[in-house]
Amino acid sequence: MLKETNKLESHCSTAKDAKLWMDSICGPHDLDVYGHSDLNFHHKGNRFPELGIVTGFLSYGCDVAININPENNLKGYSISLPVAGHQTLRHDGLELYSDENQGLIVSPASQQELNISSNCQKFQLLIPSKSVAYVAEKIIGKTIQQPIQFDAKMELIRPEMKAWWCIVQQTAKHWQTMQALYTQPQMMKDLEFSLIKGLLLSQPNNISKQFRDSLSAPSNDSIPAYLVHACEWMKKNASERIYIEEIAKHTGVSKFILFAGFRDYFNDTPLGWLKKYRMNKVRLALFDSNNREKISNIAMEWGFTHFGRFSQQYQEYFNELPSETINNARKNK
């Protein structure tokens, strides 16, 4: 069955009507108009049918403030980039400025205030939370235990971020021409999947390292048997102290071949691969610990004997401290 995008368009002059329209797209939020200015709200875009991404151009025509309460359950991530004017986001004690060189992501799980200038015209996407989690889990190959949190500031000075916005804007600008190809459901899903995948790759978030590591891992079918055996042996003995000589002995190849294989197939060393495996095992244990077990004990169970170094490395891997993982897991139970 062919699927087409749902065209969206609204023009109104009251805050109530503008709020109701954007509530239907982004989810409940508060809209305040500064002073006695007249609202001149415009929104025009498309809702994609497979993963529910909404793209469009948006302006309010006067100074407004949008307040987001995490208890209101936004539908997803509101991502915007001004093409004229500016906006500011108050988030976690910071005030982030946004213009044509810096976009913003309003995430659904925190208190935020977005102030939009009267001359601000911006390109906006709404990507449902469940769709972002779906793409991440497909790539990583397991359930994401915690809400995905992006850095709120999107700097186009970074080449990968600029490239992602270019793809998004060109898709919206030329959609009338492109949709002839994307009316096939699988093609449409591929497009939406790629946009979300590109966002997860280009914008820092709390699963960035897991996501990138999963993308760089080859499929099991292409991995030589000695590497599969090495990985399985390390998994089985991951709680023990392991030396490279032991891995080579149990796989029946030289250390040179072992290093070359891990470099070519995993872009890592054998012990580097083992550290990633241990880190993920610690993380899963922390999700379930709920503070009933000391973090240092969990770390030691998986071969991390220097707690200070472990805590630093854990933060580098997952963008948060071990204690923050436990706190976030508790909030979501």
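The values are calculated or read from the model by the stated rules, or taken from the named source; none is laboratory data. Keep in mind it's a predicted model, so treat the numbers as computed, not measured. We place every Cβ from the backbone using ideal geometry, glycine too, and count neighbours over all the protein chains shown. Surface accessibility is based on the protein's heavy atoms, side chains included, excluding ligands, DNA and RNA. Shrake-Rupley method; radii C 1.70, N 1.55, O 1.52, S 1.80 Å.
Things worth noting here:
- Residue selected from the stretch 63-82 under the condition open to solvent by 80 Å² or more (accessible area, probe 1.4 Å) and in contact (Cβ under 8 Å) with a residue 40 or more places away in the chain, by the criterion farthest from W165 (Cα to Cα): N73
- Selection of first residues in the stretch 116-140 that are within 18 Å of T171 (Cβ to Cβ) and of second residues that are among the aromatic types (F, W, Y) and in a helix (DSSP H, G or I), restricted to Cβ pairs under 8 Å at least 6 apart or on distinct chains, gives the following pairs, ordered by first then second residue: V135/F193.
- The residues in the stretch 124-171 that are of a type in the set (S, T, Y), touching an Asp or Glu at 6+ places or on another chain (Cβ under 9 Å) and not in a loop (DSSP other than H, G, I, E, B) can be counted, and the count is 1.
- Boolean, I25 is crowded, with 18+ Cβ neighbours inside 10 Å and either small (G, A, S) or closer than 18 Å to L89 by Cα (or both): no
- Pair list, Cβ under 9 Å, 6 or more apart: the stretch 156-185 residue over 14 Å from G198 (Cα atoms), other residue loosely packed, with under 11 Cβ neighbours inside 10 Å: T183/L2; Q184/L2; P185/M1; P185/L2
- Where L215 falls short, out of the listed (1) open to solvent by less than 50 Å² (accessible area, probe 1.4 Å); (2) closer than 30 Å to E316 by Cα; (3) among the aliphatic types (A, V, I, L, M); (4) in a helix (DSSP H, G or I): (1)
- Only one entry in E246, E320 is out of contact with any strand residue (DSSP E or B) (no Cβ under 6 Å at 6 or more places or on another chain) and modelled with pLDDT under 85, namely E320.
- Answer residue from the stretch 22-62, given it is in contact (Cβ under 8 Å) with a residue 40 or more places away in the chain and of a type in the set (D, E, K, R) and is nearest to C166 (Cα to Cα) among those: R47
- Tally, over the stretch 245-288, of residues that are in a helix (DSSP H, G or I), more than 30 Å from Q145 (Cα to Cα) and either open to solvent by 60 Å² or more (accessible area, probe 1.4 Å) or acidic (D, E) (or both): 9
- Restricting the stretch 92-123 to residues that are of a type in the set (A, V, I, L, M, F, W, C) and assigned to a loop (DSSP other than H, G, I, E, B), the residue that is nearest to the chain's Cα centre (by Cα) is A109.
Residues are listed down the side, and each one gets a yes or a no for (1) in contact with a Leu (Cβ under 9 Å, 6 or more places away or on another chain); (2) among the hydrophobic types (A, V, I, L, M, F, W, C); (3) surrounded by fewer than 14 Cβ atoms within 10 Å (Cβ to Cβ):
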site: Y134; (1), (2), (3): yes, no, no
site: I144; (1), (2), (3): no, yes, no
site: A152; (1), (2), (3): yes, yes, no
site: L156; (1), (2), (3): yes, yes, no
site: P159; (1), (2), (3): no, no, yes
site: T171; (1), (2), (3): yes, no, no
site: W175; (1), (2), (3): no, yes, no
site: M188; (1), (2), (3): yes, yes, no
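- Scanning the stretch 49-67 for residues that are closer than 30 Å to L191 by Cβ and at pLDDT 90 or above gives L51, G52, I53, V54, T55, G56, F57, L58, S59, Y60, I66.
- Among (1) in a helix (DSSP H, G or I); (2) out of contact with any Gly (no Cβ under 6 Å at 6 or more places or on another chain), the one test that L89 misses: (1)
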